[in-house]
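Remarks on the structure that follows.
The values are calculated or read from the model by the stated rules, or taken from the named source; none is laboratory data. Please read all numbers here as calculations on a predicted model, not as lab measurements. Cβ atoms come from the backbone with ideal geometry, glycine included; neighbour counts cover every protein chain shown. SASA here: full protein model, heavy atoms, side chains in, ligands and nucleic acids out. Shrake-Rupley method; radii C 1.70, N 1.55, O 1.52, S 1.80 Å.
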Amino acid sequence: MNTRDIDENVTAELARLRDSIDNIDAAVVHMLAERFKCTQQVGHLKARHQLPPADPGREARQIARLRQLAENAKLDPAFAEKLLNFIIAEVIRHHETIAAGEDESDGDSAGESDGDGGSAGEA
């Protein structure tokens, strides 16, 4: 079946739904960018005070909280956990990079971007 054979109402509804998906995707990207800005600040703070990049207790609490939010939202909690674990791993990587830079500059780089838009998010 090609697009000519599809009812115009179906085509219009498909376009409407896809527009909504595109808007949601844009919102997710912008929300992640804001989250990353915060976690970059966390990374600099941790580096200045010689705190470890990872915080397993915080990460475990965040995973449990996100799983509950996912269940309440009728989203697969396992998927939500995988997503957060991906974000946490990226955050830790960025915090390690920030810490290495802070060691070299004695904290003078606080507030400066690392050039890639920040880290992925404090767990």
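Within the range 1-44, work out how many residues are touching a helix residue (DSSP H, G or I) at 6+ places or on another chain (Cβ under 9 Å) and part of a helix (DSSP H, G or I).
10
Among (1) buried (at least 18 other Cβ atoms within 10 Å of the Cβ); (2) outside any loop (DSSP other than H, G, I, E, B), which single condition is PHE86 missing?
(1)
If you scan the range 91-103, which residues turn out to be open to solvent by less than 50 Å² (accessible area, probe 1.4 Å) and either touching a Gly at 6+ places or on another chain (Cβ under 6 Å) or of a type outside the set (A, V, I, L, M, F, W, C) (or both)?
Within the range 91-103, VAL91, HIS94, HIS95, ILE98, GLY101, GLU102 qualify.
Condition first: in contact (Cβ under 8 Å) with a residue 24 or more places away in the chain and either in contact with a Ser or Thr (Cβ under 8 Å, 6 or more places away or on another chain) or open to solvent by 80 Å² or more (accessible area, probe 1.4 Å) (or both). Now tell me which residues in the range 4-37 satisfy that. Spell out the reasoning first.
Pass one, the range 4-37, residues in contact (Cβ under 8 Å) with a residue 24 or more places away in the chain: 32-33, 35-37.
Within the range 4-37, PHE36, LYS37 meet the criteria.
Going through the range 46-71 one residue at a time, which ones are out of contact with any helix residue (DSSP H, G or I) (no Cβ under 8 Å at 6 or more places or on another chain) and surrounded by 14 or more Cβ atoms within 10 Å (Cβ to Cβ)?
ASP55
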